[in-house]
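The values are calculated or read from the model by the stated rules, or taken from the named source; none is laboratory data. Worth saying up front: this structure is predicted, and the values here are computed from it rather than measured. FYI the Cβ positions are ideal-geometry reconstructions off the backbone, even for glycines, and counts take in every protein chain you see. Quick note on the areas: whole protein, heavy atoms, side chains included, nothing else; ligands and nucleic acids left out. Shrake-Rupley method; radii C 1.70, N 1.55, O 1.52, S 1.80 Å.
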Amino acid sequence: MEERVFTFLGAIGGHGQEWLILSHFVLVIGIIFLLARAATRKMQLVPTGSQNLLETFIGGVISMGADTMGEENARRYLPLIGSLALVIFFSNMIGIIPGFESPTANINFTLSLALIVFVYYNYLGIKKNGFINYFKHFMGPMPVLAPLMFPIEIISHLSRIISLSFRLFGSIKGDDMFTLVLLMLVPWLLPMAGFFMLTAFGFLQAFIFSILTYVYIAGSIMMEEEDH
């Protein structure tokens with residue numbers, strides 16, 4: 001029989017992967033909603049507490065996107081990228097707590113996030129540039145290079161799905177295994193330094209996923225600027 005790591009939610013509904021992913025994802029969404037509720041319950045002109053925290057987060061996401069596509073576009077796509085960043089960050093963080101599991105430590109979950117980004121930025125590119133012009137851009141600057149460039153561009157775009165999903169999955173899965181080994185080898189208080197490091201890695205992976213999403217969207221909607 002396959003040995004499974006104990007989780008609190010697994011003790012309720014079993015330790016099948018489908019239940020663990022779904023239940024921990026629902027828990028993450030609940031945490032985000034509670035944070036949003038606390039931040040917006042009593043809005044103040046001079047923010048404090050959770051309102052200040054979320055306003056800082058929103059400003060950081062916009063600033064990150066402004067360097068890639070300008071502030072106007074960064075604000076336009078903030079709902080998607082901000083939501084992805086929050087879900088990924090809290091999914092990463094929840095796995096650091098003993099008795100819980102990161103949804104992002106499962107390849108099916110990270111693949112779903114990568115597919116959302118892939119479908120969305122291609123949809124935006126087709127919507128803004130038109131179907132023909134969008135894929136015409138894949139053929140390179142000269143018609144003679146089209147037979148070579150088009151397959152390369154298609155493979156390059158498809159590889160983004162693998163890159164986004166496996167980078168996030170591999171990093172968080174490794175972090176979870178590191179946490180488990182750390183807790184098995186040393187007492188509970190000593191691994192605190194390791195937990196701080198894992199927190200930094202979880203934040204970094206959320207940042208990388210978000211900035212790459214901005215870059216992919218910028219590449220699909222700003223083809224004219226890219227050509228020049």
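What percentage of the solvent-accessible surface of the chain, computed with a 1.4 Å probe over protein heavy atoms, is contributed by carbon and sulfur atoms? Using a 1.4 Å probe with all protein chains present, the chain comes out at 71 percent carbon and sulfur.
Just by accessible area at a 1.4 angstrom probe, what is the order of MET197, MET149, MET177, MET69 from largest to smallest?
Details: MET197 80, MET149 50, MET177 115, MET69 10 Å².
The most accessible residue leads, giving MET177, MET197, MET149, MET69.
Which value at 222 nm does the chain reach when only helices count, each DSSP H run of 4 or more adding -39,500 (n - 2.57), with the total divided by all residues and rounded to the nearest 500 deg cm²/dmol? Display every interim value, and only then the final one.
Values: 10 runs with 178 residues, N = 228.
Helices in the chain give a 222 nm mean residue ellipticity of -26500 deg cm²/dmol.
Considering the chain at the alpha-carbon level, its Rg and Dmax are found to be 20.4, 65 Å.
Heavy-atom accessible area with a 1.4 Å probe sorts TYR120, TYR214, TYR77, largest first, into TYR120, TYR77, TYR214. In summary, the lysines within cross-link reach of LYS128, defined as a Cα separation below 30 angstrom excluding same-chain residues under 8 places away, comprise LYS136. Measuring with a 1.4 angstrom probe and ignoring ligands and nucleic acids, ILE221 comes out at about 10 Å² accessible.
For the chain, the solvent-accessible area with a 1.4 angstrom probe is 59 square angstrom per residue.
Among the protein heavy atoms, those of VAL181 account for about 70 Å² of accessible surface (1.4 Å probe, every chain in place).
Could you tell me how many cubic angstrom of Cα convex hull volume segment 61-109 has per residue? Walk me through the numbers before you get to the answer.
Numbers: hull volume 3.9 nm³, N = 49.
Looking at segment 61-109, the number lands at 79 Å³ per residue.
In the chain, the longest principal axis of the Cα atoms and the axis of helix 146-185 are about 10 degrees apart.
For PHE166, what charge total do you get from the other residues with a beta carbon under 13 Å from its beta carbon, if Lys and Arg give +1 and Asp and Glu give -1? Net charge around PHE166: +3.
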